[in-house]
Amino acid sequence: MDILPTLAAMPDTPAAAPQGSAIHVPRATLPAGVDSLRTPHKAVRLEAVWARHQDDVREAQRLRWQIFAEEMGARLQPPADAPAGHDIDVFDAYCEHLLVRTLPTDGEPPRVVGTYRVLTPAAARLVGGLYTDTEFDITRLRGLRHRMVELGRSCTDAQWRTGGVMMMLWSSLAVFMHRNGLDLMIGCASVPMRDGGHAAASLWRRLAATHLAPIEHQVRARLPLPVDELRSDLDVEPPPLIKGYLKCGARVLGAPAWDPDFGCADLPLMLNLADLPAPYRRRFLDG
């Protein structure tokens with residue numbers, strides 16, 4: 001979850017679950033083969049797969065640049081030797097990359113329309129921590145790290161923000177976690193700050209009253225959003241991605257951090273697969 005913004009709408013009824021393929025490095029057990037979910041959308045079919053090669057990862061990084069830098073105006077800082085138009089950071093080389101892409105049709109080549117990156121506990125030890133560690137002090141979660149995957153850099157192509165792509169990603173993620181004996185997802189869910197942060201502060205106040213994690217799982221922002229200096233009485237709906245996580249049983253771990261590079265406030269979230277409501281459990285794990 002470093003759940004960066006996506007505008008994908010989350011349906012109340014989950015879609016059927018695809019399964020990903022094997023991936024570029026054997027750091028964890030990934031689903032073997034592809035049992036793709038193919039969804040009609042303007043006569044185009046989709047499949048969810050795990051990146052096998054660097055070219056697959058580059059496709060995801062290009063989509064991330066398109067969404068985060070070009071559409072949202074984020075100030076990304078890729079390495080000096082990175083190819084132009086790619087969102088790349090130090091965590092990418094250690095992550096598994098999950099893609100939803102179109103299947104070729106009528107001469108049209110396949111393209112990636114949705115992506116997530118996944119940092120496993122073993123990979124987090126290799127890179128020296130989680131992306132979430134850079135935004136929050138998560139010391140209280142140290143006893144859970146061996147069970148946690150971090151999800152991040154979630155985004156969906158503008159033409160595919162109807163919810164289906166995100167549900168395909170989530171289905172493959174749930175299968176991946178189940179097969180690897182991992183049951184906790186963690187990450188940073190972003191709230192735009194086009195209004196200066198008032199909506200984010202108001203959303204935090206609302207969710208703190210209804211979805212706050214117990215004290216033993218709460219974390220502190222390294223660069224806190226100054227919520228006490230902002231309005232907290234606005235009637236704000238959670239962004240679609242956050243709303244989707246809450247539907248699945250996620251908890252907010254603490255007050256938001258300010259991410260000046262992305263121009264957003266980040267809420268720390270954690271989801272335990274044991275808290276999945278029955279309809280989602282049937283689709284993601286039993287379907």
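The values are calculated or read from the model by the stated rules, or taken from the named source; none is laboratory data. These numbers were taken from a predicted model, which means no experiment stands behind them. Positions of Cβ are generated from backbone atoms using ideal geometry, with glycine treated the same way; all protein chains shown enter the neighbour counts.
A few notes on this one:
- Considering PRO79, PRO121, the condition of being touching a Lys or Arg at 6+ places or on another chain (Cβ under 7 Å) and not aromatic (Phe, Trp, Tyr) is satisfied by PRO121 alone.
- Residue within the stretch 16-31 that is part of a strand (DSSP E or B), at pLDDT below 95 and hydroxyl-bearing (Ser, Thr, Tyr) present: no
- Remark: pairs (first residue in the stretch 124-143, under 10 Å from TYR94 (Cβ atoms); second residue of a type in the set (Val, Ile, Thr) and part of a loop (DSSP other than H, G, I, E, B); Cβ separation under 7 Å; 6+ apart in sequence or on different chains) = VAL127/VAL90.
- Single residue of VAL175, VAL112 found to be touching an Asp or Glu at 6+ places or on another chain (Cβ under 7 Å) and farther than 18 Å from LYS243 by Cα: VAL112
- Summed over the stretch 192-215, residues that are within 23 Å of the chain's Cα centre (by Cα), in a loop (DSSP other than H, G, I, E, B) and more than 15 Å from LEU269 (Cα to Cα) total 3.
- Residue match in the stretch 90-109 (condition: under 30 Å from ARG222 (Cβ atoms), out of contact with any strand residue (DSSP E or B) (no Cβ under 8 Å at 6 or more places or on another chain), in a loop (DSSP other than H, G, I, E, B) and not small (Gly, Ala, Ser)): yes
- Taken over the stretch 44-92, the residue count meeting the criterion of being of a type in the set (A, V, I, L, M), more than 16 Å from VAL112 (Cα to Cα) and out of contact with any helix residue (DSSP H, G or I) (no Cβ under 8 Å at 6 or more places or on another chain) is 5.
- Of everything in the stretch 62-118 that is surrounded by 16 or more Cβ atoms within 10 Å (Cβ to Cβ) and of a type in the set (Val, Ile, Thr), the residue that is farthest from LEU130 (Cα to Cα) is THR102.
- Qualifying residue in the stretch 243-264 (condition: at pLDDT below 95 and touching a Lys or Arg at 6+ places or on another chain (Cβ under 6 Å)): yes
- Test result for THR115, within 21 Å of ILE186 (Cβ to Cβ), β-branched (Val, Ile, Thr), part of a helix (DSSP H, G or I) and out of contact with any Phe, Trp or Tyr (no Cβ under 8 Å at 6 or more places or on another chain): no
- Residues that are buried (at least 17 other Cβ atoms within 10 Å of the Cβ), among the hydrophobic types (A, V, I, L, M, F, W, C) and part of a loop (DSSP other than H, G, I, E, B), drawn from the stretch 216-263: VAL219, LEU225, LEU230, VAL236, CYS248, ALA250, LEU253, ALA255, PHE262
- Criterion: modelled with pLDDT of 95 or more and of a type in the set (Phe, Trp, Tyr) - qualifying residue of TRP204, TRP170: TRP204
- Out of ARG101, ARG111, ARG117, sole residue that is in contact with a Pro (Cβ under 6 Å, 6 or more places away or on another chain), among the basic types (Lys, Arg), within 30 Å of THR162 (Cα to Cα) and touching a residue at least 12 places away in the same chain (Cβ under 8 Å): ARG101
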